[in-house]
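J.: Can you read through this structure? Questions will come right after.
Here, each number is a calculation from the coordinates, and none is a lab measurement. In this text the structure is predicted, and so the values were computed from the model without any measurement. As a convention, Cβ positions derive from the backbone with ideal geometry for all residues, glycine included, and neighbour counts pool all protein chains shown.
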Amino acid sequence: MIEIPSKLIRNHSKSSPDWLAGLSDDLDEYIDRWELTRAGDLLSGEASLIVPVVRRDGTEAMLKLQQVNDESEDEALALRTWNHDDVVEVLEDDPSTSTILLERLEPRTLNDVPDDIEATRILAELLSRLSAVPAPIGVRRLADIAAGMVEDAPGLIPKLADPAEQRLVWRFVAQVKELIPDSGSRLLHWDLHYENVMASHRQPWLAIDPKPLAGDPAFELMPAVWNRWDDLVATGNLSQAIRNRFDLMLEVTGIDRERALGWTAGRILQNVLWFTEDGDTRIEDELAAVSDALFS
């Protein structure tokens, strides 16, 4: 039996106890199937078990075990669709379980780049290349995700205690409605923040852990805007720092400003709906600060 990382237990003990209970057997199965040797301590993301391994030919790799769901089922497909020089390489995968064997990267992310402006520029340059690629047929569509937000909004927005916050979120719903008919068809990462860009030997930086989506690249900006939050606060002018980071992303990617604002409103809406569904009655401070900086 393996000792499952505490993060996975915390995140999934209530929602997926059977998956957690089967992880030890699943690990043994793929170690045997792909002729691997364990080579380090167990790691985890928010929703996956990550195991350092060595292949039979001596190649170092990382075995990723995760549940099959809408986010994981097209991960290997997306990584194989993008340019090899921009993303972590898939060495093996099993679509039936979303288990993936990935190349071993360096234990450094864009969070480790001291200058957050430099880190944002690197991320934006990578985003430009990724979002130039058309999405494969069958990948989830942003249009459907956005329509789901609009459908869920009437049941969740009234849970916000502040009427002003309710009005703001309804404004975001209206912006998303306008964008749905032209939602795009590029292959989106959906979660391209600084920890999901890692260093490697073959390229300076590679994207990892996509949640593939077919849609408008303007939907991709928010993760970069509200991660590395302490760097924004440290400037002493939070609103201006948020605008500067947003503007830098637009400058590098060439994404249209109005569409970027519209889909960023959609990302804020999405997070507010998630949080209110979990019981929150106010907009989270970081989301409120981004809203104030970009939409006031």
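J.: Write down the percent of antiparallel bridges among all DSSP beta bridges whose residues are both part of the chain, to the nearest 5.
T.: 95 percent
J.: Right, here's the next one. Taking the simple approach of a point 7 Å from Cα along Cα-to-Cβ for both Glu251 and Asn237, what is their distance in nm?
T.: 1.5 nm
J.: Put +1 on the Cβ of every Lys and Arg and -1 on every Asp and Glu Cβ in the chain; which of Met62, Trp274, Ala146 then has its Cα farthest towards the positive end of the dipole?
T.: Positive-most Cα among the choices belongs to Ala146.
J.: A follow-up question, please. Looking only at Leu232, Leu20, Leu192, which one moves most when the chain is put into a Gaussian network model with springs between Cα atoms under 10 Å?
T.: Leu20
J.: Determine the shape class of segment 6-103: with a ≥ b ≥ c the square roots of the Cα gyration tensor eigenvalues, call it rounded for a/c under 1.5, and otherwise prolate if a/b is greater than b/c, oblate otherwise.
T.: oblate
J.: Tilt of helix 257-277 relative to the longest C-alpha principal axis of the chain, in degrees (0 to 90, nearest 10)?
T.: 70 degrees
J.: Related question: Between Ser131, Ile180, Thr37, whose Cα lies farthest towards the positive end of the dipole of the chain when Lys and Arg beta carbons carry +1 and Asp and Glu beta carbons carry -1, centred on the Cα centre?
T.: Ile180
J.: Any idea what angle helix 285-295 forms with the longest principal axis of the chain, computed on alpha-carbon atoms, 0 to 90 degrees, nearest 10?
T.: 50 degrees
J.: If you find the alpha carbon centre of segment 62-102 and of segment 201-269, how far apart are they in angstrom?
T.: First find each Cα centre; the distance between them is then 24 Å.
J.: Another question, then. Considering the Cα trace of segment 221-296, what is its radius of gyration and what is Dmax, both in angstroms?
T.: For segment 221-296, the Cα-based Rg and Dmax read 12.5, 38 Å.
J.: Send over the Kirkwood Rh of segment 109-253, from the inverse of the averaged 1/r over different Cα pairs, rounded to one decimal Å.
T.: Taking every pair of different Cα atoms in segment 109-253, averaging 1/r and inverting gives 16.7 Å.
J.: In addition: Please give the charge dipole size of the chain, origin at the Cα centre, charges +1 on K and R Cβ atoms and -1 on D and E Cβ atoms. Round to the nearest 20 debye.
T.: Approximately 600 debye in magnitude.
J.: Same structure, new question: Where does helix 17-33 land angle-wise versus the long Cα axis of the chain, in degrees 0 to 90, nearest 10?
T.: Rounded to the nearest ten degrees, it is 50.
J.: Taking the Cα centre of segment 6-103 as origin, work out the dipole magnitude from +1 charges on Lys and Arg Cβ and -1 charges on Asp and Glu Cβ, in debye rounded to 20.
T.: Around 420 debye, computed over segment 6-103.
J.: Charges only on Cβ, +1 for Lys and Arg, -1 for Asp and Glu: so what's the dipole of segment 216-296 about the Cα centre, in debye to the nearest 20?
T.: 200 debye
J.: While we're here: Find which of Ala78, Ala47, Leu102 sits farthest along the positive direction of the dipole of segment 41-102, computed with +1 on the beta-carbon of Lys and Arg, -1 on that of Asp and Glu, about the Cα centre.
T.: Highest projection toward the positive end goes to Leu102.
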